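Only one structure is covered here, and it is reproduced in the block below.
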Amino acid sequence: MSTKIPPFEDSEWMNFSAKELYEEMVKWRGAFHEAVEHGRNLFASYKNIASSAAALIGDLHDDSPCWYDHHGYCQGHGWMEADIECPHARAKTLLKKTADIQKGTPHEQGNAREDG
Ligand SMILES: [Zn+2]
């Protein structure tokens, strides 16, 4: 449902009877509830996808520690990018954030390498 709200200054509103205003209000309330329900469904879908992705990352992730050489490459996992943190370190951070969110506890945003 898509209904455009005319600007308040639009005299059209001033010509509405109380009954017409009430009917408009009921229509908008319906549109609002539809939008909220749509948002809830989208959120549930993304939550399921995020949960599956986190489980998959958890299975693929190597929990052994990263060790960076003098170039900034992770020799522990064979990661040869200095500008992007080792994917196993990023996976560890993401899994921690996911676990925190699932527990309902706050977590720190980002990390030092991403923020720097
Ligand atoms: Zn690593």
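The values are calculated or read from the model by the stated rules, or taken from the named source; none is laboratory data. A quick note: this is a predicted structure, and the numbers were derived from the prediction, not measured. Here the Cβ is made from the backbone with ideal geometry for all residues, glycine too, and neighbour counts use every protein chain on show.
Descriptive notes on the structure:
- Taking residues in the stretch 22-40 that are at pLDDT below 95, and partners anywhere that are surrounded by 11 or more Cβ atoms within 10 Å (Cβ to Cβ) and outside any helix (DSSP H, G or I), the pairs with Cβ atoms closer than 8 Å and at least 6 places apart or on different chains are E24/F16.
- In the stretch 91-116, the residues that are closer than 18 Å to D62 by Cβ and of a type in the set (A, V, I, L, M, F, W, C) reach residues that are modelled with pLDDT of 70 or more and in a helix (DSSP H, G or I) with C-beta atoms within less than 6 angstrom, at least six apart or across chains, in these pairs: A91/I57; L95/G58.
- Residue within the stretch 50-67 that is modelled with pLDDT of 95 or more, in contact with an Asp or Glu (Cβ under 9 Å, 6 or more places away or on another chain) and in a loop (DSSP other than H, G, I, E, B) present: yes
- For the stretch 62-71, the count of residues that are exposed (fewer than 12 other Cβ atoms within 10 Å of the Cβ), in contact (Cβ under 8 Å) with a residue 24 or more places away in the chain and of a type outside the set (S, T, Y) is nonzero.
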